[in-house]
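Every number here is computed from the coordinates shown, using simple stated rules; none is lab data. Computed from a predicted model, the values in this text were never measured in an experiment. Here the Cβ is made from the backbone with ideal geometry for all residues, glycine too, and neighbour counts use every protein chain on show.
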Amino acid sequence: MYKYKRLLVGISLNDQDGTAIRYAAMISRLAKSEKITFLHVSSANEIDEEVCKIYPELRRSCNGSTTQEIENLVKKYYDGHPDTQLNCEVVEGSPLVELLRRTRQEDIDLIIMRKRAADKTRGTLSTKLARKAPCSVLFVPEGTKAWYTKILVPIDFSENAKNAMEVAVAFALASGIKEIQCLHIFSVPIGYYKTGKSYEQFSEIMKGHAEKNYQEFIKNIDLKGISVIPKFRLDDRDHTGIWKDMLEKREIHLLIMGAKGRKAGAGVLLGSVTEHLIKTTTVPLLAAKKKGTGLGLVEALLRL
């Protein structure tokens, strides 16, 4: 299994947290994880600061009872590797900042977050965390079962796509899955008609180039005996094609996507396709990053 030895799970304190806890348990079994930290970030405004100064035991009591709530949830839903150390904690502050802080302090390999069904707005915690975390982030929609047999990896033949494929191979090997699917979306250039070719003719040309690029791409990946089924879809908008492939066939249980860098922020900012799918996906989505990506940005944010 991929090197997910230290996991961080965001906890909101309701029964829907069971989705993320179960998934963390599954990964701990597959990866033989060393430690999982279940973290709830509470608002510092829940108790008046002046009151807390006079009666500090109120804050200690509140944090203690909240920790007990997390422990109860973990006891109810966790069935992971027996040797994995479990740690339940409560901190006060901004969820984004505290999750990033703990990721750095604990040398986290994978963050697991429950995705709310209605979490589709711009600038959500999910997309901000995916952009800035120095490790991979797994988003698990509410109600998702902790299992998978069909893995899809959207590819654009980049280094980030290669990393996503390597992660997918590790997931497949750990679960005894024999094959994974990859999907490349291609489009026809706006000025295709200037070549004298029809739209259909030029789409075949573009598909041929995509198939050739795929052969060059896949030969540089150690598939470790896993079969890969490549798919090529003509679509004007990448995320539309991926969305259709997931929903229409209803055969995908896990979506693994590489982080897509932009100029100076390479590896830190995600591509618009990945961000769109983080907001709208109905299957677990792993935004795969090489560990340590963007760590300098995280440290700068935490110093603010």
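Summary of computed values
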{"item": "Distance violations [Cα-Cα > 21 Å] among LYS212/LYS244; LYS115/LYS289; LYS178/LYS231", "result": "LYS212/LYS244"}
{"item": "Relative packing of 194-207, 19-32, which averages over residues the other C-beta atoms within 10 Å, highest first", "result": "19-32, 194-207"}
{"item": "Contact order normalised by residue count of the range 149-252, Cα under 8 Å, 6+ apart, percent", "result": "37 percent"}
{"item": "Eligible lysines near LYS35 by straight Cα distance, threshold 16 Å, same-chain separation 8 or greater", "result": "LYS3, LYS5, LYS75"}
